[in-house]
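Undergrad: The structure follows.
The values are calculated or read from the model by the stated rules, or taken from the named source; none is laboratory data. Everything quoted here is computed from the prediction, not taken from an experiment. Heads up, the Cβs are rebuilt from the backbone with ideal geometry, glycines too, and the neighbour counts pull from every protein chain shown. Each accessible area value is taken on the protein alone, full model and side chains, heavy atoms only, with ligands, DNA and RNA left out. Shrake-Rupley method; radii C 1.70, N 1.55, O 1.52, S 1.80 Å.
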Amino acid sequence: MSQEQPKRPQAEKHPIEYGDVFDVSGDLASQPIAPKDAALMQTKENQILGKNLKGGPASVMQSAAAVNVLHGDVGHGELSAVAREQGVSVSEGKLDGQRVITESVGRHVVGQFFEPEIPMKTPATALERDAITIGEALEATAVAGAGDKPVDESDAAAIQVAEMRATGKNETESGGLGARAQSAATHNTRTLPLSEKTTLSDVLTDAREKLQADKAVTREDAEGVIGAELRNKLDMKTTPGGVAASMAAAATINQKS
């Protein structure tokens, strides 16, 4: 007579909460991300940016809310308590002369990044021959930006996208700038003393010589890099003076000149 096998206890599943995907605490951290929260953030982003940023807070919220609905954790028309009581907002300001976008649920910031000050319909072909290139923007990060910052995964992702935008390819070059950045990020996770970590300056100095091709920075280039940096940072804030910020500044200067 066969005996019934004991069932293994299953790990308790819970909905995707704000604290799972954003660097937030307090009352918001334990709130499931709801569909109406995501919809509101998408609307706010559209009002300020003219579109939704790929990899930005609204995109992350939409994906998380879709999973929560699929698993039956929240309803299609549900709105979280924090969003209902405190609202959802996207605001813009200035930092060091650059446009900064801050996205919040209630009083909690879920994303912050630099955005090029360029009209959405401005053609890339309008750039002058002496416009700032992607290689130059990366070198600016090494020299005048966050050059002393140890390279992490968000930096590596941003540099990889910048390289692909420069070369026009859909993959990074073996032994190229993006590969070096990824190697540096991996090395830094295994290296404890700060003095022994590889910095952005180590990777990005002479970036133009390390790129197989180069081109003038456009709004589309900058936004691709911004999205990559945001997707790989828990706090979803681009680094002041970092790769995304330098690309945003270059795109703005190119259009204004």
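Undergrad: Taking the alpha-carbon centroid of each part, what is the distance from region 164-178 to region 128-163 in angstrom?
TA: Using only Cα atoms, the two centres lie 14 Å from each other.
Undergrad: Tell me the net charge near ARG107. Cut-off is 13 Å between Cβ atoms, ARG107 excluded, with +1 for each Lys or Arg and -1 for each Asp or Glu.
TA: -3
Undergrad: How long is region 67-217 along each principal axis, judged by its Cα atoms, biggest number first, in Å?
TA: That works out to 52, 45, 33 Å along the principal axes.
Undergrad: Short version: what are the Cα gyration tensor semi-axes of region 18-113, square root of 5 times each eigenvalue, largest first, in whole Å?
TA: Listed largest to smallest, the semi-axes of region 18-113 are 23, 14, 11 Å.
Undergrad: Kirkwood hydrodynamic radius, the chain, all distinct C-alpha pairs: what's the number in Å?
TA: After inverting the mean inverse Cα-Cα distance, the result is 19.6 Å.
Undergrad: A further question follows. Working out 0.36 nm times the residue gap between GLN212 and ARG190, then minus their Cα-Cα distance, what length gain in nm do you get to one decimal?
TA: Gain in length upon complete extension: 5.0 nm.
Undergrad: Per residue of the chain, what 222 nm ellipticity follows from adding -39500 (n - 2.57) for every DSSP H run with n ≥ 4, rounded to the nearest 500?
TA: Value at 222 nm, helices only: -13500 deg cm²/dmol.
Undergrad: While we're looking at this one, here's another question. Any idea of LEU194's accessible area? Nearest 10 Å², probe 1.4 Å.
TA: 120
Undergrad: Quick one: if you stick a label point 7 Å off each Cα along the C-beta vector at ASN170 and LYS256, how many nm between them?
TA: Going by the 7 Å Cα→Cβ label model, 3.6 nm.
Undergrad: Please sort 101-112, 45-56 by packing, taking for each peptide the average over its residues of neighbouring beta carbons within 10 angstrom, highest first.
TA: With the highest mean Cβ count within 10 Å placed first, the list reads 101-112, 45-56.
Undergrad: Considering all projection directions equally, how large on average is the shadow of the alpha-carbon convex hull of region 143-245, in square nanometres?
TA: 6.3
Undergrad: Output the 0 to 90 degree angle, nearest 10, between the alpha-carbon long axis of helix 219-231 and the longest principal axis computed from the alpha carbons of the chain.
TA: Helix 219-231 sits roughly 40 degrees off the main axis of the chain.
Undergrad: Another question about this same structure. Once you list every other residue whose beta carbon is under 13 Å from the beta carbon of GLU139, what net charge do they have if Lys and Arg are +1 and Asp and Glu are -1?
TA: -3
Undergrad: Place a +1 charge on the Cβ of each Lys and Arg in the chain and a -1 charge on the Cβ of each Asp and Glu, then give the dipole magnitude about the Cα centre in debye, rounded to the nearest 20.
TA: Details: 27 positive and 37 negative charges, 80 e Å.
For this selection, approximately 380 debye.
Undergrad: Multiplying the sequence separation of ALA81 and LEU234 by 0.36 nm and subtracting their Cα-Cα distance, what value in nm do you get?
TA: 52.8 nm
Undergrad: While we're here: Straight-line reach from LYS44: which lysines fall under 16 Å, measuring Cα to Cα and dropping same-chain residues less than 8 apart?
TA: Cα-Cα hits under 16 Å: LYS36, LYS54.
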